[in-house]
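The values are calculated or read from the model by the stated rules, or taken from the named source; none is laboratory data. Since we're looking at a predicted model, the values are computed, not measured. All Cβ positions, glycine included, derive from the backbone under ideal geometry; neighbour counts span all protein chains shown.
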Amino acid sequence: MNKGIIIAIVAVIAVVGAVGTFLNLQSPQAITPNLVAKEFGFEGLGYKLADNQFKGGPTIQAKVGQTVRIVLKNEGTLEHEFMVVEDLMAEMQHESVFEGAMSEATKPGQTSTITFKAEKPGKYFYGCFLDEGTKPEKHADKGMFGELVVED
Ligand SMILES: [Cu+2]
């Protein structure tokens, strides 16, 4: 092998490495918050439902383009879900803001994993919009929701 070819190979490896590093810097690491669903709220990220309060959820922070992987464990006695919506009050059609940002109805003792990409900056809500045991109100109406903040 002559020197020219070796230099060309080294140059190609250097360029591929640099592009790979650049792309890596461009797409932030996935975040993987673990949440626990209970009546009526979510625990996780250091947030605990106060014994006498039983509502709420932690704020989930993500960056635009970041993959968010939620592991939701249901430690309650009713079925629960996790879904990201634009507006808590306007949640009618049972559709999530981001593709895949919705779990199955998760039975007590079971765990669901939800993976989605935070594609647009903004302030969103996540919550459980099931109504088992609370009809006609939804679990979110009982306080089972939190905020998802997607930063630019
Ligand atoms: Cu629920």
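Taking the conditions (1) surrounded by 13 or more Cβ atoms within 10 Å (Cβ to Cβ); (2) away from the ligand (no atom under 16 Å from the Cβ); (3) at pLDDT below 90 in turn, GLN61 satisfies each one other than (3). Residues in segment 113-143 that are under 19 Å from LEU49 (Cβ atoms) and under 15 Å from the mean Cα position of the chain (by Cα) were compared, and the one that is nearest to the ligand (Cβ to nearest atom) is CYS128. Only residues that are among the charged types (D, E, K, R) and either outside the structural domain of GLN66 (by TED's automatic domain parsing) or not in a loop (DSSP other than H, G, I, E, B) (or both) were counted across segment 88-125, and they come to 2.
When residues in segment 1-57 are screened for being away from the ligand (no atom under 16 Å from the Cβ) and at pLDDT 80 or above, 10 of them pass. For segment 67-95, the set of residues classified as surrounded by 13 or more Cβ atoms within 10 Å (Cβ to Cβ) and away from the ligand (no atom under 15 Å from the Cβ) consists of THR67, VAL68, ARG69, VAL71, GLU86, listed by residue number. Comparison of GLU81, GLU151, GLU119, GLU95 shows that the only residue that is acidic (Asp, Glu) and under 15 Å from PHE40 (Cα atoms) is GLU81.
Within segment 64-87, the residues that satisfy the criterion of being more than 19 Å from ASP141 (Cα to Cα) and assigned to a strand (DSSP E or B) are THR67, VAL68, ARG69, ILE70, VAL71, LEU72, LYS73.
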